[in-house]
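Engineer: Sharing a structure, written as structure tokens. Questions coming.
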Amino acid sequence: TWNWVDATDAWTSSEHIHVPDDKKLIVGTGSDIQVYHDGNNSKIINQTGNLTINATATEVGIDIKPNGAIELYHNNVKTFETDASGILVQGPEGGSALIRLYADEGDDNADRWRILNDHSSSNNLTIQNYSTGSWVSGLTLDSSNNATFAGTVSDSKGNVRSIPQNTQGSTYTLV
């Protein structure tokens, strides 16, 4: 049963809307958005402007820009974006940026790694592992590009190298 609701300029229905495969729900004067199932896949096609999926009436979740970026939001703050060169991961204002890499479903501590740009520690870039049950830094680069390694440094053949201090100053050179 369909009822026209004059006050809200809308239709209401007490039943489901069934649209068969390959038939489209088309919305907008210029067929601006189409929703349909082609028998194998469900599709949403946007013809005008951005396609934005909100978590609530005021909270953006996903913003898809034609011929451009796809932006993901957490709590209405953009944290992930695609661009022509790859991806951008950004933390909130005053916060850190973090990429987690979990192998094998992350079900063992040693499966868990992360890359952290830690805003609270002078914007150091750190690669960490969770193998001990807490995050341990293996490599840290500071904002002057100085590197700190937590373990042994070796070459591609596995030979351990010494890192003597430069006699001219406080720099170290891998030899």
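The values are calculated or read from the model by the stated rules, or taken from the named source; none is laboratory data. In this text, all values refer to a predicted model and were calculated from it rather than measured experimentally. Every residue, glycine as well, gets a Cβ built from its backbone with ideal geometry; the counts of neighbours run over all protein chains shown. Areas reflect the complete protein model, heavy atoms only, side chains present, ligands, DNA and RNA absent. Shrake-Rupley method; radii C 1.70, N 1.55, O 1.52, S 1.80 Å.
Engineer: Which residues, taken from segment 40-71, are open to solvent by less than 70 Å² (accessible area, probe 1.4 Å) and on the phi > 0 side of the Ramachandran plot?
Structural biologist: 49
Engineer: I need the strands (runs of 3 or more DSSP E) fully contained in segment 26-103, keeping only those with at least 2 residues that are farther than 30 Å from residue 140 by Cβ, in contact with a strand residue (DSSP E or B) (Cβ under 9 Å, 6 or more places away or on another chain) and without any contact (Cβ under 8 Å) to a residue 12 or more places away in the chain.
Structural biologist: The qualifying strands (runs of 3 or more DSSP E) are 42-46, 51-54.
Engineer: Okay, moving on. Of all residues in segment 78-89, which are more than 8 Å from the chain's Cα centre (by Cα) and surrounded by 14 or more Cβ atoms within 10 Å (Cβ to Cβ)?
Structural biologist: If the condition is that a residue be more than 8 Å from the chain's Cα centre (by Cα) and surrounded by 14 or more Cβ atoms within 10 Å (Cβ to Cβ), then 78, 82 are the ones that fit.
Engineer: Exactly one condition in (1) in contact with a helix residue (DSSP H, G or I) (Cβ under 8 Å, 6 or more places away or on another chain); (2) open to solvent by 50 Å² or more (accessible area, probe 1.4 Å) is false for residue 108; which is it?
Structural biologist: (1)
Engineer: Given the conditions (1) within 30 Å of residue 130 (Cβ to Cβ); (2) out of contact with any His (no Cβ under 6 Å at 6 or more places or on another chain); (3) among the polar types (S, T, N, Q), which single one is not true for residue 14?
Structural biologist: Answer for residue 14: the failing condition is (1).
Engineer: Restricting to segment 131-175, what's the tally of residues that are polar (S, T, N, Q), part of a loop (DSSP other than H, G, I, E, B) and at pLDDT below 90?
Structural biologist: Total satisfying the criteria: 14.
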